[in-house]
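Enquirer: Shown below is the structure under consideration.
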Amino acid sequence: MEVRPTAAMMDVIVNIMIEVLTILAIATKEIKQRRASELTPGNSSHLTYRYTEKYMNKLLGKNDIESALKRLDTLTQEEARMATVEVLKMMKGVDDKMNVVLDGAQWVVIKSPTLC
């Protein structure tokens, strides 16, 4: 069965894609920074600054990739809830239609002559 996403679901899906691209960009940046730091000669002041900065960022909770992953998790949970709501709406529609069919069938059975 094919369910078309609502406008709200499309907004969430677009935001999910944006977060995925953000995470990929952050990861690419981190990889490039690590490669660049490996190529620099034994400059201990640079390395000390780099690790101090990383430590302070973790201490203050400023880890870009972790916050992006949390946002992605929140968005995917929201999208899952929205999809569940759409499925429940469809099931309610099916249930209503089945009740109409069953009520119609009962009416036909009651009106038909009995064979005795």
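Enquirer: Would you please name the residue that is farthest from M9 (Cα to Cα), looking only at residues in segment 51-83 that are of a type in the set (V, I, T) and at pLDDT 90 or above?
Expert: Among those that are of a type in the set (V, I, T) and at pLDDT 90 or above, it is T74.
Enquirer: Tally time: how many residues in segment 84-116 are at pLDDT below 80 and not small (G, A, S)?
Expert: Qualifying residue count, segment 84-116: 14.
The values are calculated or read from the model by the stated rules, or taken from the named source; none is laboratory data. Keep in mind it's a predicted model, so treat the numbers as computed, not measured.
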